[in-house]
Amino acid sequence: MNTTPPNINFIPTWAARSLTRPLIYVGLSLGILVLDLITGPFLLFPILFVLPVSLSAWFYSVRWAYALAVLLPFGRFLIAVFVDKPAPFTYMVANALIRVAVLGFMAFLVDRTARQTKALQERLAGLVTVCAWSRTVEYEGEWISFEQYLKRRFNLARSHSIAPAETKKPF
């Protein structure tokens with residue numbers, strides 16, 4: 001389970017936090033299946049299965065995404081068999097298996113992208129911005145000396161010495 005989802009700037013923090021709850025995906029999935037059931041065989045909504053599967057893979061857990069990738073097409077298959085009955089049984093099975101494969105692959109890709117995004121954000125957070133002229137460091141929106149930066153960020157005391165190459169330079 002991804003406890004800290006990758007940051008997405010266009011989604012408010014409260015919404016991103018609520019997307020880490022599995023009930024959101026269960027409710028969304030059931031809503032899509034009910035909508036599919038109500039509209040009958042002429043308006044099909046399996047394309048919307050992408051929403052709970054991809055959101056679950058990104059914000060919650062790839063295991064949930066895989067489970068939804070299997071359960072949603074199975075639910076659509078049950079609707080097709082017991083309610084719609086528009087096609088031969090083998091076509092309905094083939095349709096369900098194709099949906100499971102596509103949704104499962106999509107869940108894999110979304111999870112992989114989420115993990116890579118999180119790793120990149122962690123790498124970028126480790127970068128230090130240093131002024132080329134004054135050699136001050138930007139830390140939490142403030143420009144401070146390198147020594148202050150070491151003290152604030154890492155709680156390190158500093159000591160001074162002279163590098164061997166500098167001792168050979170004439171003054």
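Dipole check for segment 37-171: with +1 at the C-beta of Lys and Arg, -1 at the C-beta of Asp and Glu, and the Cα centre as origin, the magnitude is about 340 Debye. To the nearest Å, what is the center-to-center distance of segment 103-134 and segment 143-171, using C-alpha atoms only? Their Cα centres are 31 Å away from one another. Rolling a 1.4 Å probe over the protein heavy atoms gives the chain an accessible area of 71 Å² per residue. Ordering Ile79, Ile24, Ile38 by accessible surface, largest first, gives Ile38, Ile24, Ile79; the 1.4 Å probe counts only protein heavy atoms, with every chain in place.
Every pair of different Cα atoms in segment 1-143 enters the Kirkwood calculation, which places the hydrodynamic radius at 17.4 Å. Note on segment 49-106: Kirkwood hydrodynamic radius from all Cα pairs is 11.6 Å, rounded to one decimal. Taking Lys and Arg as +1 and Asp and Glu as -1, the other residues whose beta-carbon sits under 12 Å from that of Pro73 total +1.
The values are calculated or read from the model by the stated rules, or taken from the named source; none is laboratory data. In this text the structure is predicted, and so the values were computed from the model without any measurement. Quick reminder, even Gly has a Cβ in these numbers, built from the backbone with ideal geometry, and neighbours come from all protein chains shown. Just so you know, the surface numbers come from the protein's heavy atoms only, side chains and all, with ligands and any DNA or RNA stripped out. Shrake-Rupley method; radii C 1.70, N 1.55, O 1.52, S 1.80 Å.
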